[in-house]
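Here the structure is laid out as C-alpha cells; the discussion comes afterwards.
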Amino acid sequence: MPELAEAARRTNAWACYDCGKCTASCPIARIGGNYSPRRHVLATNLGHREDIIENGTLSSCLTCKLCDQRCPAQVGYTQLVQQLRELSHREGVEPECPHGGALQSLMRMMAKGGTQQDRMNWLGKDLETDAAKGEVFYFTGCTMYYDTFFPEFQLNTLNGTRAAVRLLNRLGVKPVVSPTERCCGHDLLWNGDRKNFELLAKHNVQMVVDSGAEVLVTSCAECLRTWKIDYEPFYTGKMPRMMHITEYLTDPNYGGPNLKYKAGEQRRITFQDPCRLGRHLGIYDPPRKALTALPGVELTEMRRSGSGAMCCAGGTWSNCDRFAKQIQVQRLREARETGAEVLATACPKCQVHFRCAMKDPNLGGEIEIEMRDVAELVADALE
Amino acid sequence: MTDGKKKRTHVIRKPPKAPPPKWNPRIVVFACNWCSYAGADTAGVSRIQHQPHFRMIRVMCSGRIQPGFVLRAFERGADGVLVSGCHFGDCHYVNGNERAVEQFEKTMNIVKLLGLEEGRLRLEWISAAEGARFAQVINEFTDQVRDLGPSPLNGQNHTEKTQTEST
Ligand code: SF4
Ligand code: SF4
Ligand code: FES
C-alpha cells in the first residue's frame, strides 16, 4: 500500500530497528492488553495492511506519546497512529466509541453547523468578556458539554474555565469568548475522521483571525495541542501566539508578578501532567510554577511525573476499556500515595476520566481524591 | 432595464400554481417493545388514523435509549425525536423507564446546548392498550415539529439527507 510507505516515511517508522522498547513502555501492553506498537510499526514498514486495519487494536492506543519518548530511533509512533487511523477510517473501520458515540455525534454536528450553540451561559455576570474582538482570545473548549453529559460524576470542569476568565480579568484583560466557537476537533482527528476535523479547524481559525487577537489562551491541553500542531495547515493571515492558561499566568510579560495572593493554609498538592500538555507540547514547568507560587502550597510529585507521567487513559473517546480503567486506578493510587489533598490538573478531560474511575463502587474510598484545575486553585488564592 | 420592460407587449400567462406541498417533518420514534411499540400496534389494528411521517425504532426497554441514540438521529437528519416507554410502574424491567428519564434529561440539556429547539425532542409514556393515545401523541408531535420547520442541522448537507432517505 503506497499510503503505508508514505506514513512510514513521514513518521520515521522506517528507521525502526525492532528493539521493542515501545511495547515495553506502553501502559496498555504493560497492564495486559493485547497491544503492541512495535507490531504496527513493523506492519507499516512491510506494507501489511490487514495487520493494521483489520486486527482492530489500532484504537487501543492512548496516543499518550510515552513510546515516542523512549524510542531510540525517533520513530513518531503517535503520529503514525494518527495517520493509520485516518486510513482505516477511510476504509470504514471506526473505533468502538464509548457512550454510544454520543460525543462523536456532537462533534460532527458542530462540524456541520447551522445552529446557534448556547455556549455562553456559564459566564455569569461578574466575568467580563467580549464576543467579537480583543487582544486575547480565550478558547473555552467543550467543558460545558462535559459537565452536562456527565452529571453523575459531580463534575465541574466549567469551574476551571470560569477561573481562567476571572484570572484574565484580574490581569486587566477582557478576553474574547466567542459564541460561534466550535469543538476543536481533536477527538475526531484522533478517531481518523479528517473530513469533519477540517471543517472545524477552518471555522475556528477564521473565527480567531477575525477577532484580531494577538494571544490565544486555552485551559484545555487537547485544544492547545490541536491549535499548535494540527491546525497548522489551516493557518491564515497573522496567527496569534498560542498559550496554555498556566503559561500565560507564569509568563513575566503577561501574568507573572501581577497576581497577588492571600496567605493560605499549608497544603499538599500533586499534579497530573496531561499527555497533550507534557509530552506532546513539552510544557512541564508552567503549571508547576503556577502552583508553587501559591502561598502555603507544597507540590509533591507522583512516582511517575513529567515526561514519564502516566496519562489519564481516556484520550479520544475511543478506547475506554478495562485496561484504561486499570491505568486510571493505578494513577489515582499514586496520587494518594503522595499524601496530597488535591490532585491538580491542567486538562478537563483528565478530570472527566479520573472522576469516572473514582466512581468504582469497590475501590471508591481507596482512590478518591479532590480534583481541581490549576486555574481554579490559582483563582481561589487571589487576594 | 426599462427598455426591456417596454418592449414586452403581452403578458405570458403562467399556469395557475398548485399550492406548495405541505412540508412534512422526518421524525424518529423510539419505542419500548412491551408498551409503546405495542401501543402503536393497537393503533394500527384499531385502524386509528394518524400522520405517517415517522420511523419507529423498537428497543427492549426505554431505559436503553441513551443520548447517543437521539443525537445520532438528529445528526442523520431527524427533525424531531420522540422517546416513549411504559408508564411508571409498568416497565417490564422494573425501573428501566426511571433510567430513561435520567437519560432523557441529560439528552435534552445537550440538545439545548447544541442550539436545537426543545420542541424537537419529547418523552411520552404510552401503554400497549393506548392506541388512541399513541395516535394523538404522534399527531401532536408531528404538528409541533412541522411548525418548527426543518432541523437547522439539515440546512447545508443535502447529499447526506438524500443518503439517509435512500437507506
Ligand atoms: S522503540 Fe522505536 S525502534 Fe524500538 S521497536 Fe519501537 S518503534 Fe522500533
Ligand atoms: S502512545 Fe502510549 S498507549 Fe500508544 S503505543 Fe505509545 S505508549 Fe502505548
Ligand atoms: S419495558 Fe417499557 S419502559 Fe421498560
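Since every read-out is calculated from the coordinates, none of them should be taken as a lab result. Everything numeric here is computed off the predicted structure, so don't read it as measured data. Note that each Cβ is placed from the backbone with ideal geometry, even for glycine, and that neighbours are counted across all protein chains shown.
Assigning unit charges at the beta carbon (Lys, Arg +1; Asp, Glu -1) and nothing else, what dipole magnitude in debye, to the nearest 20, does chain A show about its Cα centre?
Value, rounded to 20: 420 debye.
Under 12 Å from the Cβ of A:Asn204, count the other residues' Cβ atoms, weight Lys and Arg +1, Asp and Glu -1, and hand me the total.
So the environment of A:Asn204 carries a net charge of -2.
Using 12 Å as the cut-off for backbone N distance, which residues of region A:161-185 belong to the label zone defined by a point 7 Å from the Cα of A:Leu382 along Cα→Cβ?
From region A:161-185, the list is A:162-175.
Take the alpha-carbon centre of region A:199-246, take the same for region A:86-158, and report the distance between them in whole Å.
Region A:199-246 and region A:86-158 have Cα centres separated by 16 Å.
Need one number: nm distance between label points at A:Glu135 and B:Ala132, each 7 Å from Cα along Cα→Cβ, rounded to one decimal.
Rounded to a tenth, the inter-label distance reads 7.1 nm.
Using a Förster distance of 56 angstrom, determine the FRET efficiency expected from the C-beta separation of B:Lys17 and A:Asn253, and round it to 0.05.
Calculated value: 0.25.
What distance in nm separates the two pseudo spin-label positions at A:Leu42 and A:Gln69, each 7 Å out from Cα along the beta-carbon direction?
In this crude label model, A:Leu42 to A:Gln69 measures out at 2.5 nm.
Amide H to amide H, which residues 5 or more places from A:Val176 or on other chains are under 5 Å from it, using H placed in the peptide plane?
The answer is A:Asp130, A:Val136, A:Phe137, A:Tyr138.
Cα-based Rg (one decimal) and Dmax (whole number) for region A:260-380, in Å?
Cα-based Rg and Dmax for region A:260-380 come out at 14.0, 44 Å.
Taking only Cα atoms and a 10 Å spring cutoff, compute GNM fluctuations for chain A and point out the largest among A:Asn319, A:Asn12, A:Asn253.
A:Asn253
Along the charge dipole of chain A, which of A:Tyr17, A:Ala335, A:His244 sits closest to the positive end, that is, farthest toward it, with unit charges on the beta carbon of Lys, Arg, Asp and Glu (+1, +1, -1, -1)?
The one lying farthest along the dipole's positive direction is A:Tyr17.
Give, in nm to one decimal, the length gained when the segment between A:Ile369 and A:Met1 is fully stretched (0.36 nm per residue of separation minus the Cα-Cα distance).
127.6 nm
If each residue of separation counts as 0.36 nm, what is the full-extension length gain between A:Arg304 and A:Glu96 once their alpha-carbon separation is subtracted?
71.9 nm
In nm, to one decimal, how far is the modelled label at A:Ala24 from the one at A:Glu341, with both set 7 Å along Cα→Cβ?
The modelled label-to-label distance comes out at 4.2 nm.
Order of A:74-85, A:24-35 by packing, highest average Cβ count within 10 Å first?
Ranked by mean Cβ neighbours within 10 Å, highest first: A:74-85, A:24-35.
For B:Trp23, A:Trp190, what ranking results if the residue with the fewest other Cβ atoms within 10 Å of its Cβ goes first?
Least crowded to most crowded, the residues run B:Trp23, A:Trp190.
Would you mind computing Rg(Cα) / (2.2 N^0.38 Å) for chain A, counting N as its residues?
Normalised by 2.2 N^0.38 Å, the Cα Rg of chain A equals 0.97.
For the pair A:Phe234 and A:Asp51, what calculated FRET efficiency results from E = 1/(1 + (r/R0)^6), where r is the Cβ-Cβ distance and R0 = 30 Å, to the nearest 0.05?
After rounding to 0.05, the efficiency reads 0.40.
State the Cα centre-to-centre distance between region A:283-337 and region A:1-79 in whole Å.
24
From the C-alpha gyration tensor of region B:23-165, pull out the three semi-axes of the equivalent ellipsoid (sqrt of 5λ each), sorted largest to smallest, in whole Å.
In descending order the semi-axes read 24, 18, 12 Å.
If I stretch the segment between B:Ile57 and B:Asp143 completely, what's the gain in nm (0.36 nm per residue apart, minus their alpha carbon distance), one decimal?
Going from the current span to full extension adds 28.9 nm.
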